[in-house]
Amino acid sequence: MQENGAKLRYSVSTGTMIRAVLVVVAFLLLWYLRDILLSVLTAIVVASAAQPFANWFMKRLRFPRVLSVIVVYLVLISVFGFLLYAFIPPVADEIVRFTATLPERIENLSLISEKFGGSLAGERLSSIITEKLQNSDLVGSLGAFFSGAGGNVAGTAGALFGGFFTFTLIVVLSFYFAVQEKGIENFLRLVVPSSHEDYAVSLWQRSQKKIGLWMQGQLLLALIIGIFVYLGLSIFGVPYALLLAILAAVMELIPIFGPIIAAVPAVLLAFTMSSTVGLAMIAFYVIIQQFENHLIYPLVVRKIVGVPPLLVIIALIVGSQLAGFIGIILAVPLAAALMELIEDMETQKDLDRKSPHAEA
């Protein structure tokens, strides 16, 4: 009897060690293949974004699925290329002009700060920034980068996705997932153990819906705020209105802190013109923020969004630190899936508490 117990303990111990080694090997393999895994996850997100448009072509125009997906991808690539060619050259010109006139504007800002009793701080700020600009080739670097980006769309896209190979892999995989009916669900069934297939597919479908609602709300909000900021800056005569409006639109994707970050350069630029314009810009951004919080956000975003702002902030920070630009792309989808998983766990806990076995 004792010998059997000893053998059993030895067998369990050996099995546990083997499982631990396999887990470590699996994690090492996942880390080694992390770039490919990130590309696959990004392709799933892109395919999920393309599927609603493809379904529209299939239902309204009676296009075959393959043709619908091809049309969607051609339209998306064309729009992306048009935006690059339309916005990068003027934005590059504004950045170059901004950096060229930055020392003068800092000097103006220091003069204004003297009027408010901050002469030493203003002079110190002006001298530090001017010295840094003189010791660096910031203007040349920015000009070379944006001129190259404006002249080579594929190169720009490749740089954003960490290389042309990664970009191509994402496009091909996402097209493959989108062109197949239930392509993502079939992929999940392939990689997930059979005992968890149905739950994994259900979790993804619910997460996909939440992701789509969040993206619709945020893009619409960014478009509205970008237009308002551009019109306001143009009316007040603040330079680089297009650049600052694009910054405001992009920062809207970061809840709470994004609009504040976007307002800082606009207000500083306005103060280099005059203290009156600077104060007017502060009032303008406060009005925009109140307009967004009390009218646009409740009417546009809150009714359709499905991801809490705090979770978005944490996900964006973690994603950018772990995987850079691709991590930012995957941050909200993974956060949505995590939120659905947590809600399922809470639901299961409630069911366990209410079950007859738990009461007994």
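Kindly evaluate Val301 against the criterion of being aliphatic (A, V, I, L, M), at pLDDT below 80, farther than 22 Å from Leu41 by Cα and surrounded by 14 or more Cβ atoms within 10 Å (Cβ to Cβ). Yes. Between Phe257, Phe228, the distinction of being among the aromatic types (Phe, Trp, Tyr), modelled with pLDDT of 90 or more and over 18 Å from Met273 (Cα atoms) belongs to Phe228 only.
Of all the listed residues (Glu252, Glu340, Glu292), the sole one being in contact with a Lys or Arg (Cβ under 6 Å, 6 or more places away or on another chain), charged (D, E, K, R) and modelled with pLDDT of 75 or more is Glu340. Please tell me if Val71 is more than 22 Å from Phe165 (Cβ to Cβ), exposed (fewer than 15 other Cβ atoms within 10 Å of the Cβ) and either of a type outside the set (Gly, Ala, Ser) or at pLDDT below 75 (or both). Answer is no for this residue.
Of all the numbered requirements in (1) out of contact with any helix residue (DSSP H, G or I) (no Cβ under 7 Å at 6 or more places or on another chain); (2) assigned to a helix (DSSP H, G or I); (3) modelled with pLDDT of 80 or more, Leu83 misses one, and that requirement is (3). If you go through the range 30-68 and keep only what is farther than 19 Å from Gln205 by Cβ, crowded, with 16+ Cβ neighbours inside 10 Å and of a type outside the set (S, T, N, Q), you end up with Leu38, Phe57, Phe63.
Pick from the range 209-227 the residues that are among the hydrophobic types (A, V, I, L, M, F, W, C) and closer than 16 Å to Ala50 by Cβ: which of them is surrounded by the fewest Cβ atoms within 10 Å (Cβ to Cβ)? Selected residue: Leu219.
In the set Arg189, Arg206, only one residue is surrounded by fewer than 20 Cβ atoms within 10 Å (Cβ to Cβ), of a type outside the set (Gly, Ala, Ser), in contact (Cβ under 8 Å) with a residue 24 or more places away in the chain and in a helix (DSSP H, G or I); that residue is Arg206. Of the set (1) assigned to a helix (DSSP H, G or I); (2) over 25 Å from Ala323 (Cα atoms); (3) touching a Phe, Trp or Tyr at 6+ places or on another chain (Cβ under 8 Å); (4) of a type outside the set (D, E, K, R), all apply to Pro239 but (1). With respect to the stated conditions, Leu221 fails to be outside any loop (DSSP other than H, G, I, E, B) and more than 21 Å from the chain's Cα centre (by Cα). Look at Glu185 and say whether it is under 26 Å from the mean Cα position of the chain (by Cα), among the charged types (D, E, K, R) and within 22 Å of Met339 (Cβ to Cβ). When the stated conditions are applied, Glu185 passes them. For residues in the range 247-281 being farther than 29 Å from Ser320 by Cβ and of a type in the set (A, V, I, L, M), which is surrounded by the fewest Cβ atoms within 10 Å (Cβ to Cβ)? Per the stated criteria, the residue is Leu279. Taken over the range 24-38, residues that are closer than 21 Å to Thr166 by Cβ, in a helix (DSSP H, G or I) and either modelled with pLDDT of 80 or more or of a type in the set (A, V, I, L, M, F, W, C) (or both) amount to 6.
The values are calculated or read from the model by the stated rules, or taken from the named source; none is laboratory data. Just so you know, these numbers come straight off a predicted model, no measurement behind them. Here Cβ is always computed from backbone atoms with ideal geometry, including for glycine, and neighbour counts include all displayed protein chains.
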